[in-house]
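Down below is the structure, laid out as structure tokens.
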Amino acid sequence: MRAPSLSFPTLLAGFVAVLVGYASSAAIIWQAAAAAGATPAQIAGWMTALGLGMGISTLALSWWYKAPVLTAWSTPGAALLATSLQGVTISETIGIFIFANALILLCGLTGLFARLMQIIPHSLAAAMLAGVLLRFGLQAFSNMEGHLLLCGSMLLAWLIAKALAPRYAIVATLLVGGAVAVLKGDVVTSNLTLAVVMPEFIAPTFRLSTLISIGLPFFLVTMASQNAPGFATMKASGYPVAVSPLIIVTGGMALLLSPFGVYSICIAAITAAICQSPDAHPEANKRWLAAAAAGVFYLLAGVFGGSIVGLMAALPLSWIQTLAGLALLGTIGGSLSQALNNASERDAAIVTFLFTASGVTLAGIGSAFWGLVAGGICYGVLRPRRA
């Protein structure tokens, strides 16, 4: 049997997914680790362990299911940790990681999370995905105000390529934007070095007060604001992969690697949408190759975990945000189409979309979760009227 081909746009989709994931939240993870008192060497080791864990899980799950299953760290979880770990020792922090990841694994083993995901209407899942991605789509145009030449040239390249060779639109956008950034001197490589840092084993300490005050909210935020949108993204993109096995694999791997600084490994949402879009591959059953490519880039990022922050600092933020926004336009449009297609569910879907896009945080839980809750209430209340 002939092996599936890995085209350049497919490879690029995997690269962009990893680039966007690291660019958007690597600094937050460093802040969380620093708040726990980790040394620079320990933080670099955490980045190495995270990259390796996400790379192995992404490769294994995408190959096994032949679906674009992309894993990621929990960005909302990292933000919570960055504001909660002041005064907590590094060993107690590792204990929090183990406690939260054990709860996630328990959710997978009991099937509790899978039953919850089965009751979410498809229109609400698509609306939530569109709401999550809206901010990234807007950034593709909002950066024009201060970076007209760079972002304008990228948008023009995308438009021309979309008309002449749609599959290579993001390739053209990346190349043109990169060339303009270099010519303008926006790429700063003076502090960029390649460094390999081995993860350090840290023995955990379990203190009941920190497990309840930090570990439990961290678990809830990770499940509600990262895993739930991740599965909703897969469902909205046409990949209804079984929930519990994925939670078991990702939660189990995170639990195993917790003593090395892996605070979470979850199902990706925003970056996964890049690998699940038609731009990654025109055939839906071959888009798993984009996720597999992302897994390889995760492994490379893990090997050079100590260099990640330097690399992120070398690239213009406007270039990264514009590239991500344009790469997600197709997914945003498709999600909105699915969300609003059924007139009887349109009110609930638009509530879900707007609530999610608002970015509001209630009780420490992000808007993606509350958008589903608000939309679900509307869906239930308006059901008698539809009947």
Carbon and sulfur: what percent of the chain's accessible surface (1.4 Å probe)?
-> 71
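Over the chain, what relative contact order in percent results from Cα pairs under 8 Å that are six or more residues apart? The partial results should precede the final answer.
Values: 731 pairs, mean separation 138.0, N = 387.
This gives 36 percent for the chain.
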Heavy-atom accessible area per residue, the chain, 1.4 Å probe: how many Å²?
-> 41
Of Thr271, Thr75, Thr83, which is the most mobile in a GNM of the chain whose springs link Cα atoms less than 10 angstrom apart?
-> Thr83
CD proxy at 222 nm, helix term only [per DSSP H run n ≥ 4: -39500 (n - 2.57); per residue of the chain; nearest 500] | -22000 deg cm²/dmol
If each K or R counts +1 and each D or E counts -1, the residues other than Gln321 whose Cβ falls under 14 Å of its Cβ total -1
Val296/Arg135 FRET efficiency (R0 25 Å; Cβ-Cβ; nearest 0.05) = 0.35
Placing each pseudo-label 7 Å from Cα in the direction of the beta carbon, Asn341 and Leu6 end up separated by a distance in nanometres of 3.2
Scattering profile of the chain at q = 0.08, 0.10, 0.12, 0.13 Å⁻¹ [log10 I(q)/I(0), Debye over alpha-carbon scatterers] = -0.39, -0.62, -0.91, -1.07
Charge sum, other residues only, whose C-beta stays under 15 Å from Val241's C-beta, Lys/Arg counted +1 and Asp/Glu -1 = +3
Pick from Ala343, Ala79, Ala38: which residue has the top mean-square fluctuation in a GNM of the chain where Cα pairs under 10 Å get a spring?
-> Ala343
Top mean-square fluctuation among Val360, Val18, Val197, Gaussian network model of the chain, C-alpha springs under 10 Å?
-> Val360
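Give the calculated FRET efficiency between Arg207 and Leu156 to the nearest 0.05, with a Förster radius of 41 Å applied to their Cβ-Cβ distance. Don't skip to the end; give the middle numbers.
Values: r = 56 Å, r/R0 = 1.37.
Approximately 0.15, to the nearest 0.05.
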Rg to Rh ratio, segment 79-237, alpha-carbon atoms and Kirkwood radius?
-> 1.10
Amide proton proximity set for Tyr263, modelled H, under 5 Å, gap of 5+ | none
Sticking with the crude label model, points 7 Å out along Cα→Cβ, report the distance from Thr110 to Val182 in nm, one decimal please.
-> 5.5
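The values are calculated or read from the model by the stated rules, or taken from the named source; none is laboratory data. Not measured: the values here are computed from a predicted model. Using ideal geometry, Cβ is built from the backbone for each residue, glycine included, and neighbour counts are taken over all protein chains shown. Ligands, DNA and RNA are excluded from the accessible area calculation, which covers all protein heavy atoms including side chains. Shrake-Rupley method; radii C 1.70, N 1.55, O 1.52, S 1.80 Å.
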